[in-house]
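> After the C-alpha cells below, expect a handful of questions from me.
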Amino acid sequence: MKKFNITIAGGGSTFTPGIILMLLDYLEEFPIHTIKLYDNDEARQKTIADACEIMLKERAPEVRLLASTDPEEAFTQVDFVMAHIRVGKYAMRELDEKIPLKHGVVGQETCGPGGIAYGMRSIPGVLELVDYMEKYSPEAWMLNYSNPAAIVAEATRKLRPNAKILNICDMPIGIEELIAKNLGLSSRKELEVDYYGLNHFGWWTDIRDKAGNSLMPEVIKHVTQHGYATDGTSELEQQKSWNSTLKKAKDIQALDPKTVPNTYLKYYLFPDEEVAHSNIEFTRANEVMEGREAFVFSECQAIIDKGTAKETKLTIDEHASYIVDLARAIAFNKKERMLMIVENNGAIRNFDPTAMVEIPCIVGSSGPEKLVVGEIPRFQKSLMEQQVGVEKLVVEAFEEGSYQKLWQAITLSKTVPSAKVAKDILDDLIVANQAFWPELT
Ligand code: NAD
Ligand code: G6P
Ligand code: MN
C-alpha cells in the first residue's frame, strides 16, 4: 500500500499536534511515510516538532518527522500540504481586533476590518506556499485552513487559477457536532446537511439522518430556544466567548426561522451589541494566547522535559478530523460529501458565478464536485452580494496596491457605519501592517 508524505505548513501552529495525533489514529487505512513541518519561525516550530517527534517515537516509530524552514526541503516529494499559517501571528491578530474596536467597530479575526487586515497579510503568505508546492511537488494538493479563508480563497481563485488548493473551514462541522449532541446522536457523521453561503457567512437549509429523514424541525426548535448551546459540557462552551456566541445563534435564527445560521453572522447582523460587549483591553486574541496557545506550548514543553508523551493532555478534535477526512477522500477517491469553499459557477443559480461560496461537494481523487443549491432567497442573496463585494475588493486592492479599493472594501463591510470611520480605521491599519502589506497608493 502506498505510504503518503504530508507537509504541515505553519508547523508551529497550535493545531499541529492535533492533526498529527489524528493522522496516527488513521495510520492503518492511511499509511504515512513522512510528516514534514514547515514554518518561517524556527524557534516556535521547534517546540512543537520536538514534542511531536517524541509522540511519534512512542506511537508510530515507522513514521519519519522532519521540521524545516527551507521551502525546498519541506515541499519536495509530498502528496498533501496541510496549510494553517497565521501571517503576523497573534501579535497582529490582537491589533486586527483592537484597532477597529478603538473606532467603535467589531474587532474580529476574520470578519470586518480585522479580517480585511488579516487578509492583506495572508494573501502573499498563502500564494507563496502555493508556489512552493507547485515548484517542488506539482502533483500535490494543498488543503488550506489559513484564514481569513474567504479572502484567501478569492485570492487563489483569481491569482493562482490552476492551483490544486482546497479551502476549508471547521466552523460548520463544529456546529454540526453540537447539533448532533442535542439530537442525541453520537457524532455529526450521522448527519447529512444542505448548507450554502460564503465562508463564515452561511445557513443550513436542511439536516437529515442517514436514512434521509429530515431532523430540521427538531433542530430549529432547539436553536429557536437555546441557539447551539448544549448541556454546557462541550469544549467550545467551556470558553466564555464561545459560550455567548453559541447562544446568540438564537437571535440570528429569528431573522429567517426556516434555516439555522452560522454563528459568525452575528458580527454582521448585531455589530452594535458585539462592540458593546467587547473589552478593548482583552479580546479573543488575548483569550487564545492565555488559553489554547499557552496550553499547547506548555504541554509540548512538558513532553520534551519528561521525554515522553504518555501522560499528555493534547487531544484530537473535529478540526483535525475534517482535514484528515479530506485528505483520505482525495487519496482513496471516497466520494465523500463535505462542505468546501469553491467557485460558485452556477451552483447557486441566482448568484455571481465567480464568487467563492461554501456549499456541499462530493470529494474524490479529482477534487470536489459541486452539488446544486438552486435559488436562494433575497435576504441572504443581498447580504452575500455585499460581503462578496468586500472580499473581491480586498483582493483587487492587494493586486493593484490600491488604497482606494481597500477603503471601499472596509466601507462596504456591513460591520462599518460610515466611509469616514472606514478611512480612520484603514489609516491606523496601514501603520500597524507596514511590515506585511504591499504599499498602497
Ligand atoms: P498559530 O499562530 O499558532 O500558528 C500559525 C503558524 O504559522 C505560526 O507558527 C507562524 O510562525 C506560522 N507562519 C506565519 N506566517 C508564515 C509564513 N508566511 N510561512 C510559514 N509559516 C508561517 O495560529 P493558530 O491559532 O494555530 O491558527 C493557524 C491558522 O489556522 C490561522 O490562520 C487560523 O485562523 C486558522 N484556522 C482556520 C480554521 C478554519 O476554519 N479555516 C480553523 C482553525 C484555525
Ligand atoms: C472557528 C473558525 C475558524 C477560527 C477558529 C478558531 O473554528 O471556523 O476559522 O480560526 O474558530 O478561532 P479562535 O478564536 O479559537 O482562534
Ligand atoms: Mn473558519
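We did not get these values from a lab; they are worked out from the coordinates using the rules stated. Note that this is a predicted model, so its numbers are computed, not measured. Quick reminder, even Gly has a Cβ in these numbers, built from the backbone with ideal geometry, and neighbours come from all protein chains shown.
> Using a 10 angstrom cutoff on alpha carbons, build the Gaussian network for the chain and name the most mobile of Phe270, Phe15, Phe332.
Phe332
> As an exercise, identify the chymotrypsin sites (Phe, Trp or Tyr not before Pro) in the stretch 347-403 lying in DSSP coil whose Cβ has no more than 15 other Cβ atoms within 10 Å.
Details: sites: Phe351, Phe379, Phe398, Tyr403; in loops: Phe351.
Passing sites in the stretch 347-403 do not exist.
> Run the numbers for Met1 and Lys335: contour at 0.36 nm per residue of separation, minus the present Cα-Cα distance, in nm.
Details: separation 334, 0.36 × 334 = 120.24 nm, distance 1.99 nm.
Taking Met1 through Lys335 to full extension adds about 118.2 nm, to one decimal.
> Straight distance only, please: which lysines reach the Cα of Lys405 with their own Cα at less than 26 Å, same-chain residues fewer than 8 apart left out?
Lys405 reaches Lys89, Lys98, Lys102, Lys158, Lys266, Lys381, Lys392, Lys414, Lys420, Lys423.
> What does the C-alpha gyration tensor say about the overall shape of the chain? Classify as rounded when a/c is under 1.5, otherwise prolate if a/b is larger than b/c, or oblate.
Numbers: a/c = 1.36, a/b = 1.17, b/c = 1.16.
Rounded.
> Same structure, new question: How many angstrom separate the Cα center of the stretch 312-328 from the Cα center of the stretch 45-90?
Going from one Cα centre to the other spans 15 Å.
> Relative contact order of the stretch 63-173: what whole-number percent is it, with Cα pairs under 8 angstrom and at least 6 residues apart?
On the way: 147 pairs, mean separation 32.7, N = 111.
29 percent.
> Right, another one. So for Thr16, Thr205, Thr441, fewest C-beta neighbours within 10 Å to most, what's the order? Write out the running numbers ahead of the final one.
On the way: Thr16 26, Thr205 19, Thr441 8.
Going from least to most buried by this count: Thr441, Thr205, Thr16.
> Right, next: Determine the dipole magnitude for the chain: charges of +1 sit on the beta-carbon of Lys and Arg, -1 on that of Asp and Glu, nothing else is charged, the reference point is the Cα centre, and the result goes in debye to the nearest 20.
Numbers: 49 positive and 65 negative charges, 133 e Å.
With only Lys, Arg, Asp and Glu charged at Cβ, the dipole is about 640 debye.
> Something else now. Among the trypsin sites (Lys or Arg not before Pro) within the stretch 142-210, which fall in a DSSP loop and have no more than 14 other Cβ atoms within 10 Å of their own Cβ? Please report the intermediate quantities before stating the final value.
Details: sites: Arg157, Lys158, Lys164, Lys181, Arg188, Lys189, Arg208, Lys210; in loops: Lys164, Lys210.
Here the sparse-neighbourhood loop sites are Lys210.
> In addition: Sort out for me the Cα centre separation of the stretch 123-196 from the stretch 217-241, rounded to whole Å.
Computed from Cα coordinates, the inter-centre distance equals 24 Å.
> Of all the stretches in the chain, which is the longest one without any exposed loop site, taking GluC sites (Glu not before Pro) in a DSSP loop (any state but H, G, I, E, B) with at most 10 other Cβ atoms within 10 Å?
For GluC sites (Glu not before Pro) (loop position, at most 10 other Cβ atoms within 10 Å), the longest site-free span of the chain is 140-280.
> Quick one: which residues, 5+ away or cross-chain, put their amide H under 5 Å from the amide H of Asn199? H built at 1.01 Å from N.
Glu358
> For the chain, give me the percentage of DSSP beta bridges that are antiparallel, rounded to the nearest 5 percent.
Numbers: 24 of 47 bridges.
Within the chain, antiparallel bridges account for around 50 percent of the total.
> Of Asp50, Asp231, Asp272, which is the most mobile in a GNM of the chain whose springs link Cα atoms less than 10 angstrom apart?
For the chain, modelled as a Gaussian network with Cα springs under 10 Å, the answer is Asp231.
> OK, next. Please build a GNM for the chain, connecting alpha carbons under 10 Å apart, and tell me which residue among Leu326, Leu198, Leu159 fluctuates the most.
It is Leu159.
> Mind listing which trypsin sites (Lys or Arg not before Pro) in the stretch 330-424 are in a DSSP loop and have 11 or fewer other Cβ atoms within 10 Å? Kindly include the intermediate steps, with their values, before the conclusion.
Numbers: sites: Lys334, Lys335, Arg337, Arg349, Lys370, Arg378, Lys381, Lys392, Lys405, Lys414, Lys420, Lys423; in loops: Lys334, Lys335, Arg349, Lys414.
Passing sites in the stretch 330-424 are Lys335.
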